[in-house]
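**Student:** Take a look at this one; I'll ask things after.
The values are calculated or read from the model by the stated rules, or taken from the named source; none is laboratory data. All values reported here derive from a predicted model rather than from experimental measurement. Here the Cβ is made from the backbone with ideal geometry for all residues, glycine too, and neighbour counts use every protein chain on show.
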Amino acid sequence: MRRHRLFCPALSTGSVMLSPEESHHVIASLRAKVGHEVILFDGVGGEGVGLIVRIERRRVYVDVTQVTHRPFELRHRITLAVAMTKTHRQGYLIEKSTELGVAAIWPIIADRSVSRPDAAAVERWSRRAIEAAKQSNRSWVPTITAPRTFSECLKRLGDFNASSITHADSALVPFNTFLSAQIDGASLLVWVGPEGGWSDIERDLAVKAGAVPTTLGPMVLRTETAAVAVCAAAAMHGVVTVPGQAE
């Protein structure tokens with residue numbers, strides 16, 4: 001029988017209670033029963049195997065016998081600083097970036113942004129990321145922050161080993177070349193602009209602060225396509241093969 005994956009941020013050995021959302025999923029969608037074996041993950045590398053030991057009306061309890069830690073999946077930890085698309089394409093961006101191994105997503109408000117999301121959108125995106133992590137067998141769920149301005153993101157550039165700002169100009173450094181120059185385990189901030197592209201001021205400020213201007217190819221990509229291309233390039237660039245260790 002296939003073992004279902006469930007999100008449990010307070011993962012530990014012993015008896016754990018699933019969240020209302022995950023409990024509902026177990027009861028209403030999976031129709032799992034007491035005695036079924038499941039895999040729990042906490043979103044920051046922790047993963048445990050356990051048995052469902054009790055099901056109440058709205059709560060599911062799992063007995064976890066062992067917790068292991070899985071390393072981050074990719075050689076580089078990509079944080080996407082992305083000017084979010086129109087609402088109907090946002091879920092795709094979150095889902096596919098998560099499946100491809102993104103470490104964090106920072107929605108930003110750029111000069112030419114077409115969307116200015118609110119707190120409810122962040123909650124919706126976070127749930128979409130959890131579901132995508134389940135589907136793609138990830139133990140890491142990307143952190144999704146509240147929307148911030150371009151200037152606020154610029155101040156955080158020093159928190160990363162390197163940064164790149166993508167632009168539709170085939171004469172720039174290819175993004176794959178930028179990736180190849182980074183050490184294993186590097187944290188990278190990658191800027192993906194809005195549909196209308198970055199303003200000259202934004203691009204100049206980012207480059208002056210140390211971001212490398214890169215290209216994803218000769219085509220002009222939609223924002224969500226560019227975000228997926230960045231994550232796919234990182235995913236193809238290499239994975240971590242160190243096995244998890246029991247805690």
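**Student:** Taking segment 201-226, which residues are in a helix (DSSP H, G or I), within 20 Å of GLU152 (Cβ to Cβ) and either out of contact with any His (no Cβ under 7 Å at 6 or more places or on another chain) or among the hydrophobic types (A, V, I, L, M, F, W, C) (or both)?
**Tutor:** ILE201, GLU202, ASP204, LEU205, ALA206, VAL207, LYS208, ALA209, THR223
**Student:** Now a separate question. In the list ASP204, ASP200, ASP184, which residue meets the criterion of being in contact (Cβ under 8 Å) with a residue 24 or more places away in the chain, among the acidic types (Asp, Glu) and either assigned by TED's automatic domain parsing to the domain that holds ILE105 or under 30 Å from LEU30 (Cβ atoms) (or both)?
**Tutor:** Working: ASP204 fails: in contact (Cβ under 8 Å) with a residue 24 or more places away in the chain; ASP200 fails: in contact (Cβ under 8 Å) with a residue 24 or more places away in the chain.
Exactly one residue qualifies, and that residue is ASP184.
**Student:** Tally time: how many residues in segment 22-34 are out of contact with any helix residue (DSSP H, G or I) (no Cβ under 6 Å at 6 or more places or on another chain) and either surrounded by 11 or more Cβ atoms within 10 Å (Cβ to Cβ) or among the hydroxyl-bearing types (Ser, Thr, Tyr) (or both)?
**Tutor:** 9
**Student:** Looking at segment 97-114, which of its residues are of a type in the set (D, E, K, R) and buried (at least 19 other Cβ atoms within 10 Å of the Cβ)?
**Tutor:** Within segment 97-114, the subset of a type in the set (D, E, K, R) is 99, 111-112.
Passing the criteria: only GLU99.
**Student:** What's the total number of residues in segment 2-58 that are on the phi > 0 side of the Ramachandran plot and touching a residue at least 24 places away in the same chain (Cβ under 8 Å)?
**Tutor:** Residues meeting the conditions: 3.
**Student:** Also: Which one of ALA83, ALA119 is surrounded by fewer than 22 Cβ atoms within 10 Å (Cβ to Cβ), in the same structural domain as TRP191 (by TED's automatic domain parsing), small (Gly, Ala, Ser) and farther than 13 Å from VAL228 by Cα?
**Tutor:** Working: ALA83 fails: surrounded by fewer than 22 Cβ atoms within 10 Å (Cβ to Cβ).
Only one candidate qualifies: ALA119.
**Student:** Ok, one more. Regarding GLU22, is this residue under 22 Å from ARG124 (Cα atoms), touching a strand residue (DSSP E or B) at 6+ places or on another chain (Cβ under 7 Å) and charged (D, E, K, R)?
**Tutor:** yes
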